[in-house]
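What follows is a single structure, written as structure tokens, with notes after it.
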Amino acid sequence: MSARRPAGKAPRTVGSDRAQRREGPPEAAPVLSIENLSVRLPQGGDRPHAVRGMELRLDPGEIVCLLGESGSGKSVIAHAVMGLLPAALTIESGAVRVLGEDVAAMDARRLSRLRGRRMSMIFQEPMTALNPVQRCGRQIEEMLLVHGVRGRAERRRRVLEMLAQVHFDDPLRVYRSYPHRLSGGQRQRVMIALALALRPALLICDEPTTALDVTTQAEILRLLLELRARTGTAILFITHDIGVARQIADRVAVMRLGAMVETGPARDVLQSPQSDYTRMLIDAVPSLEPRRGGGRPATAPVLAVGGLCNAFRQGSWLGRGKTTVVADRIDLEIRAGETLGVVGESGSGKSSLARCVAGLAPFDSGSIEIAGAPAHRRRGPGAGRDVQMVFQDPYRSLNPRLSVLESLIEGPLNFGASRRDAVARARELMDRVRLPQSGLQRYPHEFSGGQRQRICIARALACEPRLLIADEAVSALDVSVQKQILDLLEDIQAQFGLAMLFITHDLRVAARLCDRIAVMQAGRIVEEGSARQVLTAPRADYTRQLVAAIPGGSPDQAAEYRYG
Amino acid sequence: MSSTTLSDRPERIEPPWRDTLRRLGRHGGVRVGGCLMLLFVLAAVFAPHLYTIDPSAMDPTQPNLPMGAHATFVDLGGASFERWFPFGTDGMGRDVYSRVVYGTRISLIVGVSVCLASVLAGGLVGLLAGYFEALDGPLMRVMDGLMAIPAILLAIALVALWQVSLATLVVAIALPDLPKVARVVRASVLSVKTVAFVEAARMMSTPRWKILLRHILPAALPPLAIQGTFIFGAAILVEAVLSFLGVGFSSDIATWGNIMADGRNNFNIAPHLVLLPGAFLALTIVAVNMLGDGLRDVLDPKSSAGGRQP
């Protein structure tokens, strides 16, 4: 345990802390021990307890992953440890001991003295965790100030030292920057510097890389491992991503519906899981093995994009706006029955491309032909029915005030079908997407995310499109649900002979579903080819970087993880 | 919805607004405010049956009777009757109680009309400005212009320009409220028009008017309803102010503002002539605002102070 105490005051806490630690044998003292923790949900929740009978122990310098799908209670545990539980949740029983002291029984003042000094936390979205109107340096400095580090020069020196430690080449520039001037990964590194400024014994990471691109994610994970080795901080790492857990965890605890399903060394749990649930989770993650290597279908192209250029102009009528190129001479072709995956990191222009093809956004030059008919530059494709789209966020894709039936028949009615035919088609489609027909009368709030995404697929199919665009359609879903939706999309494409444009940031998902893959970077397609070629023998450097950054490794490694 | 499609209807299916209604019914502020409002509405509707006489009937021989006085009333037509005067009579010998009860009518009618007028017109402006980018600039600049003029001043000027009638008064009071409504609606239209379900509707070639009515307008209704109640309360107040200043309804019509204006001269000897209609006015506005606050708590929990979400 090398948690160096900061210079300065607040000796009382430090003293009592030392006294406590002297009592037990030093090697046995865990940084965090959660004993039989139960947290009650307010009445009317889907279950009585957010967390039930949780047991967990973190030793100094250890990284433990809490792994689970949404709603498994993993974030509740993190918030309980920090003493940040929302008022509606109450700790019913059990203890949360940080360095031997029970956090659950502590008052707010003592807790706030502990936060930052002995434990700190980093969050999923660093933009909202940092104060947008204060320079990064000041925010870290404030933390030192509050915890009694005297001397402006001393604080500044330590802040710069911390920023250098999280690998900023120019700490002074970051010190002076506002958060919005930094990229997502940089902001997360500032958060890490902030969290580790007082050398806490325990760092809690709540999905810290989920909002980041793969290459940035790999960077942050490496940084956390390195800092752990240097400072001996124990890390409680919360994630839904098995690949990430594989990369970073010493031990893993798998959560489901508030209870721990399985725990043990990461290697054992992730390679030979004992419980069915863990096995299901691991199997649901698509391997990087490309789907099939067959040639292209000899059908006519449904979508042909030629020399598409598009740029956003931000700025004012006073001139000198900023121009961002989102599409730079893009050529694409998708044939009937074929799936083209467009992969890339955020800001690569893949979603703008989808929106141009969908006719939701205008484009500057080039051509988009759908089933031979050219799309208008401003107004998009004339007959909207040939192209339909499934969106990313299932919670915002359905009008909450319309019943499922009303949503499903809207398209056909617009295209002139009779109400009777439209209703019959809606019933048939509910079967196709494997939802009960009784669901037609219900409203979206009664469905889960995966079920809503099925409804969205049915709604798109109701218009009998020839091209289906899926814009990150499975990114917001848990892996087990993601698997079902991917299976469904595959079936439906085969049944209807659709051409599919599949936009994703996740190469695993692309490998699972796509025949061909186009890799986008900064508005350009840097590589396009069959899924097998792109994933196993990438030609472009950028593709190689992307493949290498996937947590859980390359196809060979993945196979080894899964079956080794 | 045709009845055949409902044949396999299982136990409990309810549209989301049902739950909202239930939560409204459970909200304390909505209950109290609603009950008070109901009382006022009943008073306005059944004014002739609530032990009242013609509010403009006067007996100049019985001015400034105290509260609870009992007297023989002889009106100008010569009809005479025994009567108990709960609120006394004013300086011209009119029954203040009857005038206050009848005043409820004017206040509520003005409140409802102004509320409807500004919600409809402002809602339309907001909807158009939010959805059609080309209209946004021109429409909202006009709204900005309206906002630059003090509301009471604008109302006085408009009333002075036209003859006083219910319609002109409503327009004069509603016009300054237009920008508020338009901005609220425009903001919610802007936030909802890029949401995926609206884009999905666009992809299904749903006509624009249908997108506006079916997908966008419902999302703007909750803030509109909240804004509407506050305008309702404010309009009642503005009408009273205009009457009090003598630019509203002519002084022989019984409105709360007129009663107060008449009573002002005798405030030293009969303060209740000002205080009683004032109390009614205050109570109405409190009731309306309680309703509005309750609506906001239920429909828009994030913006209210007490609504802490887990």
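The values are calculated or read from the model by the stated rules, or taken from the named source; none is laboratory data. It should be emphasised that the depicted structure is a prediction, and the values quoted were computed from it without experimental measurement. Cβ: placed from backbone, ideal geometry, glycine included. Neighbour counts: every protein chain shown. Remember, those area values only see protein heavy atoms, side chains included, never the ligands or the DNA or RNA. Shrake-Rupley method; radii C 1.70, N 1.55, O 1.52, S 1.80 Å.
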Query raised in the report: How many residues are under 22 Å from the mean Cα position of the chain (by Cα) and either within 14 Å of another protein chain (Cβ to nearest Cβ) or within 23 Å of A:Ala201 (Cβ to Cβ) (or both) when one looks only at segment A:62-76?
Result: 10
Report summary line: With criteria (1) within 9 Å of another protein chain (Cβ to nearest Cβ); (2) outside any helix (DSSP H, G or I); (3) under 30 Å from A:Leu308 (Cα atoms), A:Ser475 comes up short on (1)
Report summary line: For segment A:125-150 the number of residues that are open to solvent by 40 Å² or more (accessible area, probe 1.4 Å) and either of a type outside the set (A, V, I, L, M, F, W, C) or touching an Asp or Glu at 6+ places or on another chain (Cβ under 8 Å) (or both) is 9
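Within segment B:139-152, does at least one residue satisfy the condition of being in contact (Cβ under 8 Å) with a residue 60 or more places away in the chain and of a type in the set (Asp, Glu)? Please lay out each step first, then the result.
First pass over segment B:139-152, keeping only residues in contact (Cβ under 8 Å) with a residue 60 or more places away in the chain: B:151-152.
Then drop every residue that is not of a type in the set (Asp, Glu), which leaves none.
No, that holds for no residue.
Quick one: which helices (runs of 4 or more DSSP H) sit completely within segment B:160-264 and have at least 2 residues that are away from chain A (no Cβ under 14 Å) and open to solvent by 60 Å² or more (accessible area, probe 1.4 Å)?
Details: elements: B:166-174, B:178-193, B:196-203, B:217-245, B:256-263.
Result: B:166-174, B:178-193, B:217-245.
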Requested in this report: Restrict the check to segment A:485-498 and report whether at least one residue is open to solvent by 10 Å² or more (accessible area, probe 1.4 Å), at pLDDT 90 or above, within 30 Å of A:Glu207 (Cβ to Cβ) and part of a helix (DSSP H, G or I).
Outcome: yes
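Determine, yes or no, whether A:Gly294 is at pLDDT below 90 and out of contact with any Asp or Glu (no Cβ under 6 Å at 6 or more places or on another chain).
Working: at pLDDT below 90: yes; out of contact with any Asp or Glu (no Cβ under 6 Å at 6 or more places or on another chain): yes.
When the stated conditions are applied, A:Gly294 passes them.
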Report task. Check whether at least one residue in segment B:229-252 is polar (S, T, N, Q) and more than 19 Å from the chain's Cα centre (by Cα), and report yes or no. Result -> yes
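If you scan segment A:77-91, which residues turn out to be crowded, with 17+ Cβ neighbours inside 10 Å and either of a type in the set (A, V, I, L, M, F, W, C) or facing another protein chain (nearest Cβ under 7 Å) (or both)?
First pass over segment A:77-91, keeping only residues crowded, with 17+ Cβ neighbours inside 10 Å: A:77-83, A:85, A:89, A:91.
Within segment A:77-91, A:Ile77, A:Ala78, A:Ala80, A:Val81, A:Met82, A:Leu85, A:Leu89, A:Ile91 qualify.
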Query raised in the report: Quick one: in segment B:11-28, which of the residues that are open to solvent by less than 100 Å² (accessible area, probe 1.4 Å) and part of a loop (DSSP other than H, G, I, E, B) is modelled with the lowest pLDDT?
Result: B:Ile13
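Conditions (1) open to solvent by 10 Å² or more (accessible area, probe 1.4 Å); (2) touching a residue at least 24 places away in the same chain (Cβ under 8 Å); (3) over 31 Å from the mean Cα position of the chain (by Cα), marked per residue:
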{"site": "B:Leu50", "(1), (2), (3)": "yes, yes, no"}
{"site": "B:Thr61", "(1), (2), (3)": "yes, yes, yes"}
{"site": "B:Asp75", "(1), (2), (3)": "yes, no, yes"}
{"site": "B:Thr89", "(1), (2), (3)": "no, yes, no"}
{"site": "B:Val100", "(1), (2), (3)": "no, yes, no"}
Report task. Check off (1) within 11 Å of chain B (Cβ to nearest Cβ); (2) open to solvent by 40 Å² or more (accessible area, probe 1.4 Å); (3) within 30 Å of A:Pro297 (Cβ to Cβ) for A:Glu333 and give me the number that stays unchecked. Result -> (1)
**Report entry** Options A:Ser346, A:Ser367: the member that is in contact (Cβ under 8 Å) with a residue 60 or more places away in the chain, assigned to a strand (DSSP E or B) and of a type in the set (S, T, N, Q)
**Finding:** A:Ser367
Report task. Could you give me the residue pairs with C-beta distances under 8 Å whose first residue belongs to segment A:169-185 and is under 21 Å from A:Thr215 (Cα atoms), whose second residue is buried (at least 20 other Cβ atoms within 10 Å of the Cβ) and of a type in the set (Phe, Trp, Tyr) wherever it lies, and which are 6+ apart or on separate chains? Result -> A:Val174/A:Phe168
Requested in this report: Could you grab me the full set of residues in segment A:401-447 that are assigned to a helix (DSSP H, G or I), within 29 Å of the chain's Cα centre (by Cα) and within 10 Å of chain B (Cβ to nearest Cβ)?
Outcome: A:Ser407, A:Pro444, A:His445, A:Glu446
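Here is a check on your reading of the model: is B:Ser113 of a type in the set (S, T, N, Q), surrounded by 15 or more Cβ atoms within 10 Å (Cβ to Cβ) and at pLDDT 95 or above? Spell out how you get there, then give the answer.
Numbers: of a type in the set (S, T, N, Q): yes; surrounded by 15 or more Cβ atoms within 10 Å (Cβ to Cβ): yes; at pLDDT 95 or above: yes.
In short, yes.
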